[in-house]
Amino acid sequence: MSVLMTRAQLLLTPIFINKCELKNRISMPAMHLNMTSDGDMNQQIIDFYFERAKNRLGLIIVGGCSIDDTGGGPLMISLENDSRIESHRKFCEQIHKTETKVFAQMYHAGRYSHSFLLGKKVLAPSPIPSRLTGVTPEEMTEGDINQVVESFAKAALRAKTAGYDGVEIIASAGYLICQFLSPLTNRRTDEFGGSFENRFRFARMVIEETRKAIGKDYPLIIRMSGYDFMGASTPI
């Protein structure tokens, strides 16, 4: 019992992520709320998260927040351009009335994007049909890859400017970065495909460029799956 109590008590002790101190180790992960029709934060979203911040959470992760106009959705929170910053700033100011810290999740769906909703081409590492949407994506060119990497970095900087305490990059759940990591969805023969080192290259570029944009002292975390239960995928 004493061991169990010790572990339970540990959850309530502070912890640092980079230089950001969380009051405890209880966090609320990012989830799609579909509560916005224009990509901006609104009162419904603010109220939803504020109620949870009042319940003594150490950290709330908001998102996913789309980084550009090809990898999000019409009901998703957006950080794709500077016009989004103000609504996020108001959101952060409200959450910071509590002691809860708040991170923004940087998100790109890759082949899970809905072209008929976005009116844009769907991008992915390889043109393998999505079982979720039924759409066959276009294989990303080197230019596409560099553009998306830049979009991740710029969106993270917008989150920092808006007042978030840190950012998370999603590299799990079958979204774009995960699609590069998995040999099931990455059939490329260039420097971004084949070996695990090559399949990891896109993720590394995103992380490195994001770190350059936000600085070395700003919290940056990565959400990854230890195993995605798809059989041929590489356990991380």
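Take the residues of segment 133-155 that are farther than 12 Å from residue 179 by Cβ and part of a loop (DSSP other than H, G, I, E, B): which is nearest to the chain's Cα centre (by Cα)?
Within segment 133-155, the match that is nearest to the chain's Cα centre (by Cα) is 133.
Across segment 168-204, what is the total count of residues that are among the charged types (D, E, K, R), surrounded by 16 or more Cβ atoms within 10 Å (Cβ to Cβ) and more than 11 Å from residue 107 (Cα to Cα)? Walk me through how you get there before you give the answer.
So the first thing to find is which residues in segment 168-204 are among the charged types (D, E, K, R), and the list is 168, 187-188, 190-191, 197, 199, 201, 204.
Still in the running and surrounded by 16 or more Cβ atoms within 10 Å (Cβ to Cβ): 168, 188, 199, 201.
Still in the running and more than 11 Å from residue 107 (Cα to Cα): 188, 199, 201.
So the answer is 3.
Looking at segment 15-57, which of its residues are modelled with pLDDT of 95 or more, over 24 Å from residue 155 (Cβ atoms) and assigned to a loop (DSSP other than H, G, I, E, B)?
23, 24, 25, 26, listed by residue number.
If a residue must be modelled with pLDDT under 95 and not in a helix (DSSP H, G or I), how many such residues does segment 100-121 contain?
5
Going through segment 185-210 one residue at a time, which ones are in contact (Cβ under 8 Å) with a residue 60 or more places away in the chain, outside any loop (DSSP other than H, G, I, E, B) and of a type in the set (S, T, N, Q)?
Once the filter is applied, which keeps residues that are in contact (Cβ under 8 Å) with a residue 60 or more places away in the chain, outside any loop (DSSP other than H, G, I, E, B) and of a type in the set (S, T, N, Q), segment 185-210 yields only 210.
Please work out which one of (1) in contact with a helix residue (DSSP H, G or I) (Cβ under 6 Å, 6 or more places away or on another chain); (2) surrounded by fewer than 22 Cβ atoms within 10 Å (Cβ to Cβ) is the condition residue 152 fails and give its number.
(2)
Filter segment 41-87 down to the residues that are surrounded by 21 or more Cβ atoms within 10 Å (Cβ to Cβ), of a type in the set (Gly, Ala, Ser) and under 16 Å from the mean Cα position of the chain (by Cα) and list them by number.
Within segment 41-87, 63, 64, 66, 71, 72, 78 meet the criteria.
Checking residue 223 against (1) of a type in the set (D, E, K, R); (2) more than 20 Å from residue 113 (Cβ to Cβ); (3) surrounded by 15 or more Cβ atoms within 10 Å (Cβ to Cβ), which single condition isn't satisfied?
Status for residue 223: all satisfied but (2).
So, residue 110, is that one within 22 Å of residue 221 (Cβ to Cβ) and either in contact (Cβ under 8 Å) with a residue 24 or more places away in the chain or under 18 Å from the mean Cα position of the chain (by Cα) (or both) or not? Even if it seems obvious, please write down each step before you answer.
Values: within 22 Å of residue 221 (Cβ to Cβ): yes; either in contact (Cβ under 8 Å) with a residue 24 or more places away in the chain or under 18 Å from the mean Cα position of the chain (by Cα) (or both): yes.
So residue 110 passes the test.
How many of the residues making up segment 50-73 are closer than 30 Å to residue 125 by Cβ, hydrophobic (A, V, I, L, M, F, W, C) and either in contact with a helix residue (DSSP H, G or I) (Cβ under 6 Å, 6 or more places away or on another chain) or free of Cβ contacts under 8 Å to residues at least 40 places away in the same chain (or both)? If you could, list the steps in order and put the result at the bottom.
Here is the first cut: in segment 50-73, the residues closer than 30 Å to residue 125 by Cβ are 61-73.
Okay, now just the ones that are also hydrophobic (A, V, I, L, M, F, W, C), so 61-62, 65, 67.
Then keep just the ones that are either in contact with a helix residue (DSSP H, G or I) (Cβ under 6 Å, 6 or more places away or on another chain) or free of Cβ contacts under 8 Å to residues at least 40 places away in the same chain (or both); that gives 67.
Here the count works out to 1.
What tally of residues in segment 105-142 results from selecting those that are in contact with a Ser or Thr (Cβ under 8 Å, 6 or more places away or on another chain), surrounded by fewer than 17 Cβ atoms within 10 Å (Cβ to Cβ) and within 15 Å of residue 78 (Cβ to Cβ)?
Looking only at that region, the number is 1.
So for segment 175-185 (the condition being touching a Gly at 6+ places or on another chain (Cβ under 7 Å) and aliphatic (A, V, I, L, M)), does at least one residue qualify? So that I can check it myself, show each step before the final result.
Within segment 175-185, the first condition is being touching a Gly at 6+ places or on another chain (Cβ under 7 Å), and the residues that meet it are 175-176, 179.
Checking which are aliphatic (A, V, I, L, M) leaves us with 176.
Yes, segment 175-185 contains a residue that is touching a Gly at 6+ places or on another chain (Cβ under 7 Å) and aliphatic (A, V, I, L, M).
Can residue 213 be described as in contact (Cβ under 8 Å) with a residue 12 or more places away in the chain, outside any loop (DSSP other than H, G, I, E, B), crowded, with 22+ Cβ neighbours inside 10 Å and in contact with a Leu (Cβ under 7 Å, 6 or more places away or on another chain)? Explain how you work it out, then say what you get.
Details: in contact (Cβ under 8 Å) with a residue 12 or more places away in the chain: yes; outside any loop (DSSP other than H, G, I, E, B): yes; crowded, with 22+ Cβ neighbours inside 10 Å: no; in contact with a Leu (Cβ under 7 Å, 6 or more places away or on another chain): yes.
It is false that residue 213 is in contact (Cβ under 8 Å) with a residue 12 or more places away in the chain, outside any loop (DSSP other than H, G, I, E, B), crowded, with 22+ Cβ neighbours inside 10 Å and in contact with a Leu (Cβ under 7 Å, 6 or more places away or on another chain).
Looking at residue 157 and the list (1) surrounded by fewer than 23 Cβ atoms within 10 Å (Cβ to Cβ); (2) in contact (Cβ under 8 Å) with a residue 60 or more places away in the chain; (3) under 28 Å from residue 46 (Cβ atoms), which single condition is not satisfied?
Answer for residue 157: the failing condition is (2).
Inspect segment 85-93 for any residue being farther than 29 Å from residue 150 by Cβ and not in a loop (DSSP other than H, G, I, E, B) and give the result as yes or no. I'd like the intermediate steps shown before the answer.
So in segment 85-93, the residues farther than 29 Å from residue 150 by Cβ come out as none.
No - not one qualifying residue is present in segment 85-93.
The values are calculated or read from the model by the stated rules, or taken from the named source; none is laboratory data. Fair warning: this is a prediction, and the values are worked out from it, not measured in the lab. With ideal geometry, Cβ positions are generated from the backbone for all residues, glycine too; neighbour counts draw on all protein chains shown.
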